[in-house]
Amino acid sequence: MLTDQKIQNIANQGLLLADLSDDELAAFCIVANQFYRDGEPIVSDQDYDFVFLAELSKRTPDHPLLNRPEPENEGFSEEKVKLPQRMLSTDKAYTWGEIQKWLDRINKASQEINLPLETIQIKGTAKLDGFAGYDDGSKLYTRGDGNKGSDISRVFERGLNVYNDSERGQGPGEIVVKKSYFESHLSQHFEYPRNFQASLIKEKTLDQFASQAISDKAALFVPFSQLPSWSGDIGSFGEKFQSIVSKLEGGVDFDVDGVVFELTNEQLKTHMGSNRKFHRWQIAFKENKDKAQVRVLSVTAQVGRTGKITPVVELEPTQLSGATIYRATGHHYGLVKEQGLGSGSIVELTRSGLVIPKINKVLKSAEVSIPESCPSCQGGLTWDSDFLMCLNHENCPDQIIGMMAYFFKVLANNDGFGIATVQKLYDNDIRKVSEIYQLSHGNLTAMGFGDKTSQNLLNQLKRSKEESIEDWRFLAAFGVLRLGMGNCENLLKHKPIVEIFDLSVDDIIDMDGFAELTAKLIVDGLEEIKEEYQALRIFRFQLEMTQSKSNMEDFDHPFFNKKIVFTGKMSRPRADLQKQAKSLGIKVATSVNSSTDFLIVGEKVGVNKLNAAKEKDIVILKEVEYLFQIENYSL
Ligand SMILES: [Zn+2]
């Protein structure tokens, strides 16, 4: 399993691909794709396509991730419905050379059906960086897996308009927000338009920003047929390629992620057809621009939950590898001071490898302003090497708010307790997460939350207690220094959660992976959260206990320490089976390769899959046989 730390490490490319197992690589690609869909990409599109997916296709050519449109992690509970028309992904080209290859394929296909090349027309439109949907006139669907999507007609019921005030039912398009509007109204509250767009669609009730953007007609559904386009024959396409691209990209007030080119001749389109992933008669051209010189508008200080003061650098909006960048972190005030990072300076900004844009260096320095007091509590600040810190941990509003919001973010099984909500709770004298769990509907409405919102918040709290959650995640949610998810999992492999508050520094040093300083910080940190931890445990969170290392050695079933893969339709949710297997010391993988030991099959498994497994000498077992063998161990 990939720990969060490892995911970070892979995303930063601090780990060599060669050091990753096939399963780790596949797991990473799935995670990266989910993050992208959630609006918080952890690697750039280019790295995802060229580094990770490319490696995956080399190692596991039949991996499902390679053979279907990118799955959407939509966060919708609704059942999937069949789309009126298939919606595929678009094949991508990053260079003129790749575009030429596409033209060669068109040339060949047109000869096969005796179509003169000069009659072929190419049409280009901007590729919007929004949320893909299909509007059949009565319903709006998400793209889902290309065949089945979710019904999100509620977006129109909430008043969303169609671009150009045109009518419903124009087929495929994207839900987007106007770029100029995002800059003026939303960029203070959302990192990227994508984060905001997601909030328009989700099941939960709209927040104020989303409803305002809808009524301002800034958030829209844009059918592709309504976009300004370029059309011409192949000759002029080649001649004017660059200017067509820049004209189309600059021609709309939306975030753009390249240009889509497609053929218009129906006969040729039918002849070229599609594979499972994309139409062969269509291609997206995306430019790689991952470095820019950008002017700094201002530098503001922000207090994190640990008291660290971070300089947030507001930038002149800049397009960088497909997204508009409005701000970046200046890392720490040491850099501000040393390099002269201030309003009016010019910085070099990159966005390669990591998708979070990064200020590399200050090219032209300006006058800097170093805060003398904490922007949140106005208390004094202390330098700790390069970092400027507010040490008023107990009373600094932003730190307390940050800690509370962090708890819900790490728990990751609830919605609605973002910074804005937690800020409001803070304004009503709430200082601890354990106090939040004691709130009643009456308390919340008295604080100014609406009737529906209050109910929703209470439901979320209830849900976060009732859904099972890994004990290491629960512990990490307290935000103890050096106790991120990876370290928590490691710690709990050595000691059950009920005993960790008794650990000494030496006990922790004796465990693999903890140095002295870390051990000391952990012991101090645990002491600080002990009371709050106990206060929260009263609410009976459903903790799923990490199996300790010593327990692990007790299993003598045939699958212990073996690698298994589940396939087909199982008698219960696949995730449950996987969880159970892991708790029994079984390694669970998602795709079959030569290191797989057992293939556990449910119903409806293709013959090809079974034959492939047989060829690799993998033992094939029916689900019932498997369950029978582990019966004695089942929890
Ligand atoms: Zn402070």
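Provide the packing ranking of 589-597, 379-387, i.e. peptides ordered by the mean count of other C-beta atoms within 10 Å per residue, highest first.
Details: 589-597: 17.2, 379-387: 13.3.
Ranking, from highest mean packing down: 589-597, 379-387.
The alpha carbon gyration tensor of the chain gives principal lengths a ≥ b ≥ c with a/c of 1.5 or higher and a/b no greater than b/c, which makes the shape oblate. Using a 4.7 Å Cβ-Cβ cutoff, the cysteines of the chain lacking any partner cysteine are 29, 488. Mean residue ellipticity, 222 nm, helices only, the chain: the sum of -39500 (n - 2.57) across DSSP H runs of n ≥ 4, divided by residue count and rounded to 500, is -10000 deg cm²/dmol.
What does the extension gain come out to for residue 246 and residue 58, with contour length at 0.36 nm per residue minus their alpha carbon separation? Please report the intermediate quantities before stating the final value.
Values: separation 188, 0.36 × 188 = 67.68 nm, distance 3.39 nm.
Contour length minus Cα-Cα distance gives 64.3 nm.
Ranked by the mean number of other Cβ atoms within 10 Å per residue, highest first, peptides 605-613, 418-426 order as 418-426, 605-613.
Placing R0 at 22 angstrom, the Cβ-Cβ distance between residue 270 and residue 117 gives a FRET efficiency of 0.80 after rounding to 0.05. Note on residue 295 and residue 535: their simple-model spin labels are 4.9 nm apart, each label 7 Å out from Cα toward Cβ. Considering only alpha-carbon pairs that sit under 8 angstrom and 6 or more positions apart, the relative contact order computed for the stretch 291-388 is 28 percent.
Evaluated with a Cβ-only charge set (Lys, Arg +1; Asp, Glu -1), the chain carries a dipole of roughly 1480 debye about its Cα centre, given to the nearest 20. Straight Cα distances below 13 angstrom link residue 217 to the aspartates and glutamates 165, 253, with same-chain residues fewer than 8 positions distant left out.
Available extension along the chain between residue 431 and residue 49 is 133.1 nm, counting 0.36 nm per residue and deducting the alpha carbon span. Placing +1 on the Cβ of every Lys and Arg and -1 on the Cβ of every Asp and Glu, with nothing else charged, gives the stretch 555-633 a dipole about its Cα centre of roughly 300 debye. Placing a label point 7 Å from the Cα of residue 226 along the Cα-to-Cβ line, the residues of the stretch 119-163 whose backbone N sits under 12 Å from it are 135, 160-163.
In the structure shown, the pairs 202/409; 82/178; 247/286; 202/424 are assessed against 24 Å; a Cα-Cα span above that value is assigned to 82/178.
Could you give the length gained on full extension between residue 391 and residue 572, defined as 0.36 nm per residue of separation minus the Cα-Cα distance, in nm? Mind showing how you got there, number by number?
Values: separation 181, 0.36 × 181 = 65.16 nm, distance 5.01 nm.
Length gained, residue 391 through residue 572: 60.2 nm.
None of the figures in this text is laboratory data; all of them are computed from the coordinates on show. All values reported here derive from a predicted model rather than from experimental measurement. Backbone-built Cβ (ideal geometry, glycine too); neighbour counts: all protein chains shown.
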